[in-house]
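Here's the structure we're looking at; comments come further down.
The values are calculated or read from the model by the stated rules, or taken from the named source; none is laboratory data. Quick caveat, the model's predicted, so the values are computed rather than measured. Glycine gets a Cβ as well: all are built from the backbone with ideal geometry, and neighbour counts include every protein chain shown. Quick note on the areas: whole protein, heavy atoms, side chains included, nothing else; ligands and nucleic acids left out. Shrake-Rupley method; radii C 1.70, N 1.55, O 1.52, S 1.80 Å.
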Amino acid sequence: MAEYRATTTVARPVEHAARPLEFPGCRPVRMSRADIENCERRIEYWDAATETAMVCDPVSTYHEHPGQRLRDLATRIALLRGSPIETFGAADLLQRRADGRLRRILEADQTVYLHPRTTRPEGARIEVGSDTLPDVVLEVDNTTDVRRGKLSLYESWGFPEVWVEVPDQSSPSRPAGLRPGLTIHLLESGRFRPAASSRAFRGWTAQEIHLALNEREVSYVTMAALRRVGRTLGAAVGTGPDDDPLLREERLQSRAEGRTEAVLETRREAVLQVLKLRGLPVSAAFPGRLAEFKAASTGALVQAALECRDEADFLRLMRQEQH
């Protein structure tokens, strides 16, 4: 089964029937075309027709945490899949006129590229119509409501998948009607439809994603979901944890340590068996103390067990052997 990929080229946006765009929780700020070109402030939306930016600040930890958590979760999935996933945070998403001048700008809360080696944007902003669009865009509604404005623009601009997260932790100014949860919007035939699970992160359900974004620590339930999704994505392209350099080295080291421990256990059993056959008692701590001599050969250990008078003499003989 082939892995899902967002289209690598994006057709010119389809403009649906005009409807008023609302930006609850934001305040309008006059900003000229020249100002917006060099602006580094956080804005929700800018329109050249009115030269007005919708600004939503200050930003709370309740709003910022889901986007940062998604970055961390995507990294874990990437490790299990065996190939990188990149996030670009609150990147500007811009639309230009036919003459190249800026028309509109949106700012997402998190942007995710599942195949950054071939699809990541090269410039400072993600340009609709020329750059590959993110596989997933996350919007966090805590003091805002993207359903009344930004979501329709994402739809008309052709974004393949948008997640709208309403955190469990609420702000006093949360718009009425918003309830905690995550909604996945998938683009089909130019229109968004709600879906129970992600198309990009195949099989990751809205309920699982919401739980993962709101946990204080990653739970076993979430880890199970990440493993499932990561391995599903990897299976589609024939990759896995051993294709990630970090996990590959960790797994090789773990295997080597496992083999070393198996050898040490065999040697401990050999020494204990010789001492038992000779009728020499040992303390409960003695097996653990044999780790002191892990660099010694099995032959040296057995020879000391055959020659020693007691436990203390065995330790003395082995320390002499090491020096």
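Starting from one equal scatterer on each C-alpha and no solvent at all, send me the Debye-based log10 I(q)/I(0) for the range 140-225 at q = 0.18, 0.20 Å⁻¹, two decimals.
Results for the range 140-225 at q = 0.18, 0.20 Å⁻¹ read -0.83, -0.97.
log₁₀ I(q)/I(0) of the chain at q = 0.08 Å⁻¹, via Debye over equal Cα point scatterers, no solvent, to two decimals?
-0.52
For every helix of n ≥ 4 consecutive DSSP H residues, a contribution of -39,500 (n - 2.57) applies; sum these over the chain, divide by its total residues, and give [θ] at 222 nm rounded to the nearest 500 deg cm²/dmol.
-12000 deg cm²/dmol
If you look at just the Cα atoms of the range 91-191, how large are its Rg and its Dmax in Å?
Calculated on Cα positions, Rg and Dmax stand at 14.5, 44 Å.
Any chance you could give the angle, 0 to 90 degrees and rounded to 10, that helix 245-277 forms with the longest Cα principal axis of the chain?
Helix 245-277 sits roughly 20 degrees off the main axis of the chain.
Counting heavy atoms of the protein chains only and a 1.4 Å probe, report the per residue accessible area for the chain as a whole number of Å².
52
Evaluate the range 65-150: find the radius of gyration of its Cα atoms, find its Kirkwood radius, and give the ratio Rg to Rh. Walk me through the numbers on the way to the answer.
Working: Rg = 14.0 Å, Rh = 13.9 Å.
Rounded to two decimals, Rg/Rh equals 1.01.
Between the range 65-112 and the range 266-322, what is the C-alpha centre distance in whole Å?
If you average the Cα positions of each part, the centres end up 60 Å apart.
Each residue of the range 184-198 in order: what ³J(HN,Hα) in whole Hz does its phi give by Karplus 6.51 cos²θ - 1.76 cosθ + 1.60, θ = phi - 60°, with x for Gly and Pro?
9, 10, 9, 7, 9, 6, x, 10, 7, 10, x, 9, 6, 9, 6
For the range 172-323, what log10 I(q)/I(0) values come out of the Debye formula at q = 0.10 1/Å, with one point per alpha carbon and no solvent?
One equal scatterer on each Cα of the range 172-323 leads to -0.64.
Please find the FRET efficiency linking Ser173 to Tyr220, where r is the Cβ-Cβ separation and R0 is fixed at 30 Å, and quote it to the nearest 0.05.
That gives a FRET efficiency of 0.30.
Counting other Cβ atoms within 10 Å, which trypsin sites (Lys or Arg not before Pro) in the range 65-98 have at most 16 and lie in a DSSP loop?
Arg97
Calculate, in nm to one decimal, what Asp243 and Gln68 gain on full extension: separation in residues at 0.36 nm each, minus their alpha carbon distance.
Additional length available on full extension: 60.5 nm.
Please list, in chain and number order, the residues 5+ apart from Thr52 or on another chain whose amide H is under 5 Å from its amide H, with Hs placed from the backbone.
Residues meeting the criterion, in which the H sits 1.01 Å from N, are Met31, Asp47.
So who's got an amide H within less than 5 Å of the one on Val140, skipping anything under 5 residues away but keeping other chains? H placed 1.01 Å off N, in plane.
Result for Val140 returns Asp109, Glu165.
So, with a 1.4 angstrom probe, what is the percent of accessible area on the chain that is carbon and sulfur? Present the calculation step by step, with values, prior to reporting the outcome.
Values: 8710 of 16720 Å².
So the carbon and sulfur contribution to the accessible surface is 52 percent.
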